[in-house]
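**Q** Pasting in a structure now, in structure tokens, and then I'll have a few things to ask.
Each value in this text was obtained by applying a stated rule to the coordinates, not by laboratory testing. Fair warning: this is a prediction, and the values are worked out from it, not measured in the lab. Here the Cβ positions follow ideal geometry from the backbone for every residue, glycine too, while neighbour counts run over all protein chains shown.
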Amino acid sequence: METSPVRVRFAPSPTGRMHLGSGRTALYNYLLAKRTGGKFILRIEDTDTKRTVPGAEQELIDGLRWLGVDFDEGPDIGGPYGPYRQSERKEIYQQYARELVEKGHAYPCFCTPERLEKMRQDQQKRKEPPHYDGNCRRLGQADAAARVAAGEKHVIRFKMPREGSTVARDLLRGDITIENKNIDDYILVKSDGFALYHLAAMVDDHLMKITHVIRGSEWLGTFPLHVNIIRAFGWEEPVFIHLSVFLKPSGKGKMSKREAADALKDGYSIFIKDLKDLGYIPEGVLNWIVLMGWGVAEGDVLTLPEMIEKFDINHLNPSPAAINFTKLDHFTGTHIRMLTDADLAGRIRPFFEAAGYTVNDEILNKLTPLIKERIVTLDEAVEMAGFFFKEDVVPALEDLIAKGLTHEQSAEAARQILSTLEALPDLRHETAEPALRALVEQTGLGAGQVFGILRVAVTGQRVSPPLFESMEIIGREKSLARMARAVAMYQSNS
Ligand code: GLU
């Protein structure tokens, strides 16, 4: 197991929304840093200015903070190896590109887009895989340098060795061997002077003293190129770990945009910000994603400190993981029950407010323990307990008709419930419940029928937190008034 302090980074491109995959990559990096007493760095890889989406960087930062996956160095907090935004490091990459050219590991390429297009078409006709044909690789160094000095438009390409093979080692997958002739002369710096990922990330990982690169498996294809770049500079190689991919719930392929939108209709999402808005809690989301690719026992309930304590990169699992939203519900519910009442009250409060309720703290604190065992997501608190903040509730008449009883029988039961309650000195749980149970005995009605009518009358809902505790919060006066109103409703509708 890794024990010396690591330096790891989460290096997202701000090109879209922060999804589960990004969250998990960040989390694994964070856990390794915390496990070893190392540092976790956020680096924004925004060299592809055309793909940069306004607001995406902020969503990433907000997402990390919400999850509690805090970084030690990053664009908004700085650190000793900044800047942490690649768009602010353009000159650094150019300098390292020049170094590679001088050492003979890279070369300027002056090929025009028209020439490259024709080359591509010819290759297609010959059924060859697309690759650069090496035209400018053959130019003399002095010649090329003179053309660059004269201001001729060019890109910088990596000069891949043509002979032999490259062995790149992934901690989970072992050695990956590829024939060098199958690796293209990739572009490192574009004609606008911006470096591409292949150069920028390798340079930054070196300068930022990154010891472990934990990243998505989409980089496995160009992994051999990356180690060649690092070796061309003569730098030490970090440990590489390519994580598993996420598959859609069926396990067949990746989730499409359309399927992601469909999930949202069912109250699920693959985007971190949405999960927050849907009432999931970070503890549940973390527990869910941490197990999608880590071989601790399935079903393990883990808090962030427990994850840190148990985390071992050698036990990460590279095989694909299917997204299972049922497990997200399970872990969220489980972690909600682990919160203190005060903590939970503070978290459900904004959901009531967003639904338009004026929240009374005394009531909020009383209702919280009643719903804690019953909600899966925070927003369910509103549906279940919003009535506590209403001055009045209006039950639907059909809900007042108990299962198995007629309108008349329900009305009669309601009258008896009302007179039983009215006769009591108070409506505390200990007083009201035995009296109503006695009524059940005496009338031969079902407990479900009696309690059901009372529940609908005083809460306005068929499903509510425990009835007697709820009546205590509503209070004697309001409870009796609501019961009386229900009695009147049967009459005026019969
Ligand atoms: N910017 C890359 C991405 O978002 C980062 C890959 C890496 O971690 O090196 O996929």
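**Q** Pick out, from Tyr93, Met384, Ile61, the residue whose Cα sits farthest towards the positive end of the charge dipole of the chain, with +1 on the Cβ of Lys and Arg and -1 on the Cβ of Asp and Glu.
**A** Positive-end residue among those listed: Tyr93.
**Q** How much space per residue, in cubic angstrom, does the convex hull of the C-alpha atoms of segment 41-122 take up? Present the calculation step by step, with values, prior to reporting the outcome.
**A** Values: hull volume 13.1 nm³, N = 82.
Here the figure is 159 Å³ per residue.
**Q** Can I ask one more? Out of Val213, Leu243, His226, whose Cα points farthest toward the positive end of the dipole of segment 209-259 (charges: +1 Lys, Arg; -1 Asp, Glu; placed on Cβ)?
**A** With unit charges placed on the Cβ atoms, the residue in question is Leu243.
**Q** In the structure shown, do any of Lys34/Lys276; Lys118/Lys159; Lys159/Lys254 have a Cα-Cα gap over 32 Å, and if so which?
**A** Checking Cα-Cα distances, Lys159/Lys254 exceed 32 Å.
**Q** In which sequence would Val245, Val203 go, from the one with the fewest C-beta neighbours within 10 Å to the one with the most?
**A** Val245, Val203
**Q** Toward the positive end of the charge dipole of the chain, about the Cα centre and with charges on Cβ (Lys, Arg +1; Asp, Glu -1), which of Pro466, Met119, Leu480 goes farthest?
**A** Positive-most Cα among the choices belongs to Met119.
**Q** Magnitude of the Cβ-charge dipole of segment 393-438, K/R +1 and D/E -1, about the Cα centre, nearest 20 debye? Walk me through the numbers on the way to the answer.
**A** Working: 4 positive and 8 negative charges, 18 e Å.
So the dipole magnitude of segment 393-438 works out to roughly 80 debye.
**Q** Just subtract the alpha-carbon distance of Gln442 and Val394 from 0.36 nm times their residue separation and send over the number in nm, one decimal.
**A** Net length gain for the segment: 14.4 nm.
**Q** With label points built 7 Å along Cα→Cβ from the Cα atoms of Ser319 and Ala342, find their separation and express it in nm.
**A** 4.6
**Q** What Cys residues in the chain have no fellow cysteine's beta-carbon under 4.7 angstrom?
**A** So, Cys111.
**Q** Check His212: other-chain or 5+ apart residues with amide H under 5 Å from its amide H, H built from backbone geometry?
**A** Arg7, Val239
**Q** Let me know the shape class of segment 154-249, please: from the alpha-carbon gyration tensor, a ≥ b ≥ c as square roots of the eigenvalues, rounded when a/c is under 1.5, otherwise prolate if a/b is greater than b/c, or oblate.
**A** rounded
**Q** In straight Cα distance, which aspartates and glutamates are under 12 Å from Lys327, not counting same-chain residues fewer than 8 positions off?
**A** Glu298, Asp300
**Q** Note down the magnitude of the dipole of segment 161-232 about its Cα centre, charges +1 on Lys and Arg C-beta and -1 on Asp and Glu C-beta and zero elsewhere, to the nearest 20 debye. The partial results should precede the final answer.
**A** Values: 8 positive and 10 negative charges, 33 e Å.
Result for segment 161-232 is approximately 160 debye, rounded to the nearest 20.
**Q** Something else: If packing is taken as the average number of other Cβ atoms within 10 Å across a peptide's residues, how do 106-112, 142-148 rank, most packed first?
**A** Descending packing order for the listed peptides: 106-112, 142-148.
**Q** Counting Lys +1, Arg +1, Asp -1, Glu -1, what net charge surrounds Leu364 among other residues with beta carbon under 12 Å of its beta carbon? Don't skip to the end; give the middle numbers.
**A** Details: positive: Arg347, Arg349, Lys366; negative: Asp341, Glu353, Asp361, Glu362.
Residues near Leu364 contribute -1 overall.
**Q** Can you work out the FRET efficiency for the pair Ala484 and Ser4, with r the C-beta to C-beta distance and R0 = 41 Å, to the nearest 0.05? Write down the numbers at each step before the final one.
**A** Details: r = 73 Å, r/R0 = 1.78.
Computed FRET efficiency for Ala484 and Ser4: 0.05.
**Q** Roughly how far apart, in whole Å, are the Cα centres of segment 67-124 and segment 1-25?
**A** Segment 67-124 and segment 1-25 have Cα centres spaced 20 Å from each other.
**Q** Separate question: List the residues, sorted by chain then number, that are 5 or more residues from Arg169 or on another chain and whose placed amide H is less than 5 Å from its amide H.
**A** Correct list: Ile176.
**Q** So, by mean Cβ neighbours within 10 angstrom, what's the order for 73-82, 328-337 with the highest one leading?
**A** Ranking the peptides 73-82, 328-337 by packing returns 328-337, 73-82.
**Q** For the chain, what is the calculated [θ] at 222 nm in deg cm²/dmol (nearest 500), taking -39500 (n - 2.57) for each run of four or more DSSP H residues and dividing by its residue count? Can you show the working numbers first?
**A** Working: 21 runs with 235 residues, N = 494.
Using -39500 (n - 2.57) per qualifying helix, the result is -14500 deg cm²/dmol.
**Q** By counting other Cβ atoms within 10 Å of each Cβ, how are Leu275, Leu172 ranked from fewest to most?
**A** Exposure proxy ranking, most exposed first: Leu172, Leu275.
**Q** Still on this structure, please answer the following. Rank these for me by crowding, Asp192, Asp312, going from fewest to most other beta carbons within 10 Å.
**A** Working: Asp192 9, Asp312 14.
Final ranking by Cβ density, sparse to dense: Asp192, Asp312.
**Q** Which percentage, to the nearest 5, of the DSSP beta bridges contained in segment 164-295 is antiparallel?
**A** Of those bridges, close to 60 percent are antiparallel.
**Q** Continuing with this model, one more query. Within straight cross-link reach of Lys252, meaning Cα distance under 20 Å, which aspartates and glutamates are found once same-chain residues fewer than 8 apart are removed?
**A** Glu218, Asp262, Asp266
**Q** Turning to a different aspect of this structure: Rounded to whole Å and sorted largest first, what semi-axes of the equivalent ellipsoid does the C-alpha gyration tensor of the chain yield via the square root of 5 times each eigenvalue?
**A** Ellipsoid semi-axes (Å, largest first): 65, 22, 20.
**Q** A follow-up question, please. Suppose every Lys and Arg Cβ carries +1 and every Asp and Glu Cβ carries -1, with no other charges. What dipole size does the chain come out with about its Cα centre, to the nearest 20 debye?
**A** Its charge dipole is roughly 1900 debye.
**Q** Run the paramagnetic zone check for Val53: 7 angstrom along Cα to Cβ, then residues of segment 1-38 with backbone nitrogen under 16 Å.
**A** Backbone N within reach: 12-23.
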